[in-house]
Amino acid sequence: MKRILGLLAATLVAGGAFAQGAFPGKPIKMVVPFTAGSVTDIIGRTVAEQMAKGLGQPVIIENKPGAGGTIGAGLVAKSEADGYTILIHSSGHALNPAIYPNLPYDTVKDLTGVTPLAAVPNVMVVSPARGWKSVADVVAAAKAKPGQMNYASAGTGSATHMNAEKFKLRAGIDAQHVPFKGTPEALTDVIGGRNDWFFAPLASSLPLIKDGKLQALAVSSAQRAPALPNVPTTVEAGVPDSDYTLWVGMIVPSATPAPIVKRLHDEAVKAIGSPEVKARLAALGADAFTMEPAAFNTYIKAEMESAAQIAKTANLKAN
């Protein structure tokens, strides 16, 4: 009997190892909680296409926009923790808990990081018709008419919202927030003059800047963006401690087995390091940005603490 039990145990162990080694055995779904054409979507699709080659399975993007990314995040948090449903989110993921008091998921307990994928500067853009040539022009206009200026974002609780609120606090101005479901919609309104300014991801706004449809006043990153070498940072433009970098990362349900998380991490890092993805990120003005899963989770928690402080100071709440 002992021998039979031993053989059975060995068979189960071998079967488990085989099952883990067989991942993935079907197509993988990546949920992007913003509209198609947003920076999160663009980077997600770029990485997905390359990862599919290493995984040997199609990686399909599904856009589930709304509520600053919390709708898509909630869907992934409640999905099977088997590696077949992945969230591609932005740094707004760390802000959401601070301004959405009734999230249908726990950011730390229900979701776990795989790796960040890229860091993307935001750029303060305005319509050329406004006639503003610098950040100082915008700040002066806002102070001349407190509360009458408005600004766009890719949604309440998104990284673009967080960036703008940090800028407002540091610049000492008052402006009204106009949220959209995604970056493309917000850009359209700024071009049309219906919104005064927008901290748009460089990856989405660069073509419009080059075409002259948008005026770039400053980038939010700590250093100037190589794609816009003549555009100052917001700090250089006279607003201290206003820097902010948008990141895009890969996240899965927290109960996902460690071997599957590692496989996804390794394939994502390999994809980010490929010549094809490197070239695409460079064209978007984005930088590769990867971490081990444990380090990424620590980073997310630190970002949550920083976001909570800004949200409290600015009295940010979801509408």
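With the requirement that a residue be assigned to a helix (DSSP H, G or I) and surrounded by fewer than 19 Cβ atoms within 10 Å (Cβ to Cβ), what does the range 58-98 give you? Correct list: ILE71, LEU75.
Say whether the condition of being in contact with a Leu (Cβ under 7 Å, 6 or more places away or on another chain), crowded, with 16+ Cβ neighbours inside 10 Å, farther than 16 Å from ILE86 by Cα and among the aliphatic types (A, V, I, L, M) is met by at least one residue in the range 261-268. No; the residues of the range 261-268 include none that is in contact with a Leu (Cβ under 7 Å, 6 or more places away or on another chain), crowded, with 16+ Cβ neighbours inside 10 Å, farther than 16 Å from ILE86 by Cα and among the aliphatic types (A, V, I, L, M). Among the conditions (1) in contact with a Pro (Cβ under 8 Å, 6 or more places away or on another chain); (2) in a strand (DSSP E or B), the only one that MET124 does not satisfy is (1). For beta carbons closer than 9 Å, sequence separation of 6+ or different chains, a first residue in the range 240-254 that is without any contact (Cβ under 8 Å) to a residue 24 or more places away in the chain and a second that is of a type in the set (D, E, K, R), the qualifying pairs are ASP243/LYS166.
One line per residue, one yes/no per condition, for (1) β-branched (Val, Ile, Thr); (2) within 23 Å of GLN215 (Cα to Cα):
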residue: ALA77; (1), (2): no, no
residue: GLU80; (1), (2): no, no
residue: LYS109; (1), (2): no, no
residue: THR112; (1), (2): yes, no
residue: LYS133; (1), (2): no, yes
residue: MET149; (1), (2): no, yes
residue: THR160; (1), (2): yes, yes
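For the range 140-149, check the following and say yes or no: at least one residue is surrounded by fewer than 20 Cβ atoms within 10 Å (Cβ to Cβ) and either in contact with a Cys (Cβ under 8 Å, 6 or more places away or on another chain) or closer than 28 Å to VAL269 by Cβ (or both). For the range 140-149, residues surrounded by fewer than 20 Cβ atoms within 10 Å (Cβ to Cβ) and either in contact with a Cys (Cβ under 8 Å, 6 or more places away or on another chain) or closer than 28 Å to VAL269 by Cβ (or both): absent.
Determine which single condition LYS312 fails, assuming it passes every other condition in (1) within 30 Å of LYS133 (Cα to Cα); (2) modelled with pLDDT under 95; (3) loosely packed, with under 15 Cβ neighbours inside 10 Å. Among (1) within 30 Å of LYS133 (Cα to Cα); (2) modelled with pLDDT under 95; (3) loosely packed, with under 15 Cβ neighbours inside 10 Å, the lone unmet condition for LYS312 is (1). For the structure I just gave you, tell me whether PRO275 is more than 30 Å from VAL178 (Cα to Cα), touching a His at 6+ places or on another chain (Cβ under 7 Å) and assigned by TED's automatic domain parsing to the domain that holds MET51. No.
The values are calculated or read from the model by the stated rules, or taken from the named source; none is laboratory data. A quick note: this is a predicted structure, and the numbers were derived from the prediction, not measured. In this analysis, Cβ positions are derived from the backbone assuming ideal geometry, glycine residues included, and neighbour counts consider all displayed protein chains.
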